[in-house]
Amino acid sequence: MSDATTTLERAVPDAPGLAALVVEAEVGEPPPEDEIPLYAPRRKIYPQSTHGTFRRIKWAVLLVTLGIYYLLPFVRWDRGPNAPSQAVLIDLPGRRFYFFFIELWPQEVYYLTGLLILSAIGLFLMNAIAGRIWCGYLCPQTVWTDLFFAVERFIEGDRREHMLRDARKWTAQTWARKGVKHFVWLMIAWWTGGAWVLYFADAPTLVKELATGQAAFIAYAWIGILTFTTYTLAGHMREQVCLYMCPWPRIQAALTDEYALNVTYRYDRGEPRCSAKKAEQLRAHDEPAGDCVDCLQCVHVCPTGVDIRGGANLGCIQCGLCIDACDNVMVKLGRANGLIAYDTDINVKRRIEGKPAYFKIVRWRTALYATVIAIAGGVMIYTLATRASEGISVIHDRNQMYVRLSDGALRNAYTIRIVNKQLKHSNFILDVDGLPSSQVEFVGLPQRAAGTQLIDVGPDQTREVRVTVTDFSVIAPPPSTTVLFKLIDVDTGRVVEMRDHFFGP
Ligand code: SF4
Ligand code: SF4
């Protein structure tokens, strides 16, 4: 490969005066096609620290999200004596999910489906308004990697210092720093796994059990798995997860449009890039000179190693750190901020045409996403607010659909499951409608007069009862008659119903 210097001509569409922008670059002759490797070797990234608005936002988001994740299992919520007091709890043995005042039963898993739909559409809406803000600020991979970077910079120094140390012969001090860094990373990863399991049991009790070695093996196993994944993904794989493993950048690229805000290098202002001194000379001769001084600060702070000046990039998680870095450079040069900024494609075009900026948040796609979110959220809130605290399910016996008794009457048998979602004992009465002359009997319970048999169900529990329904009508019923099982809560008078069938010959 030769070291020939060639000239790259970069055409900038819709940019009068910039149409043939000439950028000098050192490039080698391309290798023959069959020698081009299919896989680009990984380039180690040493992101430099920066300060500014977006860095502050990221610190705040990091503190809030990690604070919630690590501390939420310890938040208490009083649900009375018959329910756990942990605000957020996934109670697998009890088959319940508790979220503050909401308690979900296994048969209400559709709320989680609704939540997933809301999350997906919420992500689409975020993307339509402000690009990959999820990736840049909220994604767990971003948050933990940012934390790991902070630890790394604290122990091994900022970009330059760290690079020099790595390039020099490693001394005992270098090894010691690396050792401390990996130890701290492992501690964070371990606590991340530890916090995860606390969502599945009473947190203070589980902490004691974990500390004294009395917790279940599965708890230790999950802590081990999550320690490994956090340490590997946030400590070692970092930007590789965003570049190669995560599908969202590809999906996001297909969902964006020219009105979405994205981190944008305003090439119309920045090009042709040149040093501050040269720019002064060029401007003195009325020649074009951009504001970009090619200092590479925007590239050095980038956690994924992207040069945003090359345009939209799949590797850009839109964290805004290059905006801060460039603004700091502009301040030092006495130039206006915003050479890199959140901007839209349409505004870049309009600015070049001399038109004012135009922001259009309400468009058909944002309206559609917002409508879907409002409908799905509204339905979920309504059904949650109005859901019954009791329930009934009926299963007809299958091995024998009916029995003919010696006096000619027909009998069908059912298994009834009664659900009591209240946190207190409740008494229910079961009634059956739909047959002209019938009798309901409860297997294993003392027989009482029709409509007086009380069925007691414990707090937050279900109870299964076997029931036979006998039809004494002289006229034989049709092969299948619809019957209505009515469950009446004695205390509240609330009624829940379930239809099934009474079968005959
Ligand atoms: S290019 Fe800028 S916004 Fe994109 S990931 Fe890098 S620093 Fe963040
Ligand atoms: S930080 Fe700003 S001035 Fe420096 S290279 Fe990046 S865009 Fe150009």
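The values are calculated or read from the model by the stated rules, or taken from the named source; none is laboratory data. Quantities reported herein were computed from a predicted structural model and do not represent experimental measurements. So basically every Cβ, Gly included, is an ideal-geometry build from the backbone, and we count neighbours across all protein chains shown. Protein only, heavy atoms only, side chains kept; ligands, DNA and RNA dropped before computing areas. Shrake-Rupley method; radii C 1.70, N 1.55, O 1.52, S 1.80 Å.
Out of the residues in the range 333-344 that are under 17 Å from Ala357 (Cα atoms) and in a loop (DSSP other than H, G, I, E, B), state the one that is farthest from ligand 1 (Cβ to nearest atom).
Ranking the qualifying residues of the range 333-344, first place goes to Ala336.
Can you name the number of the only condition in (1) open to solvent by 50 Å² or more (accessible area, probe 1.4 Å); (2) within 11 Å of ligand 2 (Cβ to nearest atom); (3) of a type outside the set (Val, Ile, Thr); (4) at pLDDT below 95 that Lys349 fails?
Failing condition for Lys349: (2).
Any residue at all in the range 392-414 that is surrounded by fewer than 16 Cβ atoms within 10 Å (Cβ to Cβ), of a type in the set (Val, Ile, Thr) and not in a strand (DSSP E or B)?
Scanning the range 392-414 turns up no residue that is surrounded by fewer than 16 Cβ atoms within 10 Å (Cβ to Cβ), of a type in the set (Val, Ile, Thr) and not in a strand (DSSP E or B).
Answer with yes or no whether Ala260 is part of a loop (DSSP other than H, G, I, E, B) and either of a type in the set (A, V, I, L, M) or over 25 Å from the mean Cα position of the chain (by Cα) (or both).
Against the criterion (part of a loop (DSSP other than H, G, I, E, B) and either of a type in the set (A, V, I, L, M) or over 25 Å from the mean Cα position of the chain (by Cα) (or both)), Ala260 qualifies.
Residue by residue through the range 51-79, note down the ones that are open to solvent by 80 Å² or more (accessible area, probe 1.4 Å) and within 21 Å of the chain's Cα centre (by Cα).
Trp59, Leu63, Val64, Ile68, Leu71
Six or more apart or on different chains, Cβ under 6 Å: which pairs go from a residue in the range 183-200 that's at negative phi and in a helix (DSSP H, G or I) to one that's of a type in the set (Phe, Trp, Tyr) and buried (at least 19 other Cβ atoms within 10 Å of the Cβ)? Could you list them?
Taking only residues 6 or more apart or on different chains, the pairs are Trp185/Phe148; Trp185/Tyr231; Leu186/Tyr231; Ala189/Tyr231.
Of the numbered conditions (1) among the small types (Gly, Ala, Ser); (2) closer than 30 Å to Glu271 by Cα; (3) in contact (Cβ under 8 Å) with a residue 24 or more places away in the chain, Ala357 fails exactly one; give the number of that condition.
(3)
Quick grid of which residues meet (1) open to solvent by 20 Å² or more (accessible area, probe 1.4 Å); (2) part of a loop (DSSP other than H, G, I, E, B); (3) of a type outside the set (Val, Ile, Thr); (4) more than 8 Å from ligand 2 (Cβ to nearest atom):
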position: Ala279; (1), (2), (3), (4): no, no, yes, yes
position: Pro288; (1), (2), (3), (4): yes, yes, yes, yes
position: Val293; (1), (2), (3), (4): yes, yes, no, no
position: Val299; (1), (2), (3), (4): yes, no, no, no
position: Ile323; (1), (2), (3), (4): no, no, no, yes
position: Val331; (1), (2), (3), (4): yes, no, no, yes
